[in-house]
Amino acid sequence: KKIVKNFHEASCVSATDRLESEDKDIYEHALEFAKNELAPNMKNWDSKNIFPKEVLRHVGALGFGAIYCQEKFGGSHMNRLQASIIFEALSHGCPSTTAYISIHNMCAWMIDTYGSDGLREKWVPSLATMENFGSYCLTEPDSGSDASSLKTSIVKKGSEYVLNGTKSFISGAGESAVYLVMGRTGEGGPKGISCVLVEADRKGLSFGKKEEKVGWCTHPARQVFMEDVVVPTSNLLGVEGQGFNIAMHGLNGGRINVASVSVGAAAAALEAATKHLTVRKQFGRSLKDFQPYIMSHRLQYLQFKLAEMASSVVSSRLMVRHAARSLDLKTPNLVSLAAMAKLFSTEQCSKVILAVEMILHVCDQAIQMFGGYGYLKEYPVQQYYRDIRLHHIIEGTNEMMRMLIARDLLK
Ligand code: 2MC
């Protein structure tokens, strides 16, 4: 039963345009959930820094906890395009919560793809239902963009590994049951890095304070400290020295997912702005009518602005879905396409949301102290903006995305 309609379903900004009917159903299902279960809570979760565990379990029950993992371990066995569609739809309800779901999915996929059968059987089913949560631990206090210079040590002692080090900005830390830790088992640089699964109850694992963030407030980020944490060598993902490649393969999907979250937030903001222009009247006419015939008026450009915003949403979405299809097909250029999708969408979509704030701001100017709606927390656009602004930084800064694209062109 369809309750929520896809905004402008038959128009140029439709999110389901040209999708196969199965993918269209997936989008609408996720959107309905987002509008019914996420959107009504988004403001409260944000202002009170609530990590909505119970609702995340509903997300798991929908099959969105291990979207692209094997069915035999509880995954939904969907493709990357479908994952992108899901994250875009969910983002309408709460970009911050959706971004965490995307990181969690990256962790589930890494275990499903590189873990032993023992690790898969033990962890993927409960990650799929979101009974348990996962955290991805790459960044350290002194290694962000230069990820392969990380210092966390993983020393083999018989049938065990001993881990020492600190990880920073770890989403879900303190709440997650599993931590996928990239650490050094060998030489300096990427080839000496391995990926080990650390369970939350391991002795020597502890967490820093909950970071106070501008956005992404609906899930915690903390430092993760490891002091002589001992895990069995069977907790290794892949083989020793493969950890950096595993981390990067995870991030290719992560970058597409986070770009999808940006597209969803921008599409939601566009929807809000369009409705606002339609219902709000000033100077005896609806704001949507302030163009083109009152060209001298300060509000003259509202329609053009809306058209530019819609174009940004659609072009970003095309790029994201193109990258997702490339990841499904494992094309050789997938790294650059994922980087392009993230670079383009996160920046364009922030502009879309800034433009929404501008529209509200222009309204404010129009009748002199009309009220700064864009600045009020009552209006979700500021939250969309705060949440997706981080997407210029996480999962590889956009400067690193530019570097990856240029490197591909020049090689
Ligand atoms: N996909 C697949 N393989 C990749 C890859 C990618 N995206 N990026 C690098 N590699 C491979 C690369 O091909 C090479 O493999 P091989 O030697 O087998 O050919 C290996 O990894 C080493 O790569 P580089 O030689 O490029 O290593 P370098 O140290 O120069 O790394 C860079 C460069 C900038 C690409 C990498 O450090 C990077 O991506 N930095 C950004 C870090 C990042 O994204 N952090 C996000 C943290 S997680 C987060 O924010 C969350 C919210 C979860």
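The values are calculated or read from the model by the stated rules, or taken from the named source; none is laboratory data. Just so we're clear, the structure is a prediction, and the values are computed from it rather than from any experiment. Methodologically, a virtual Cβ is constructed for each residue, glycine included, from the backbone with ideal geometry; neighbour enumeration extends over all protein chains shown. Heads up: the accessible areas ignore ligands, DNA and RNA and are worked out on the full protein's heavy atoms, side chains in. Shrake-Rupley method; radii C 1.70, N 1.55, O 1.52, S 1.80 Å.
Structure notes:
- ILE246 satisfies every condition listed in (1) open to solvent by 30 Å² or more (accessible area, probe 1.4 Å); (2) closer than 18 Å to GLY134 by Cβ except (1).
- Qualifying residue in the range 226-237 (condition: open to solvent by 10 Å² or more (accessible area, probe 1.4 Å) and in contact with a helix residue (DSSP H, G or I) (Cβ under 7 Å, 6 or more places away or on another chain)): yes
- Looking only at the range 93-122, and only at residues there that are in a loop (DSSP other than H, G, I, E, B) and in contact with a Leu (Cβ under 6 Å, 6 or more places away or on another chain), the one that is nearest to the ligand (Cβ to nearest atom): CYS94
- Beta carbons closer than 9 Å, at least 6 apart along the sequence or on distinct chains, pair a first residue in the range 317-344 that is farther than 23 Å from ALA266 by Cβ with a second that is more than 15 Å from the ligand (Cβ to nearest atom) and among the hydrophobic types (A, V, I, L, M, F, W, C) for ASP328/LEU81.
- Residues that are open to solvent by 40 Å² or more (accessible area, probe 1.4 Å) and modelled with pLDDT under 75 within the range 329-356 comprise just one, LEU354.
- Where strands (runs of 3 or more DSSP E) fall wholly inside the range 132-233, the ranges with 1 or more residues that are within 13 Å of the ligand (Cβ to nearest atom) and closer than 27 Å to GLN383 by Cα are 134-137, 160-171, 221-232.
- Pairs are defined by a Cβ separation below 6 Å, a sequence spacing of at least 6 or placement on different chains, a first member in the range 126-152 that is of a type in the set (Phe, Trp, Tyr), and a second member that is open to solvent by 10 Å² or more (accessible area, probe 1.4 Å) and near the ligand (Cβ under 10 Å from one of its atoms); the pairs so defined are TYR136/ILE103.
- Filter result for PRO125 (away from the ligand (no atom under 16 Å from the Cβ), open to solvent by 20 Å² or more (accessible area, probe 1.4 Å) and outside the structural domain of MET319 (by TED's automatic domain parsing)): yes
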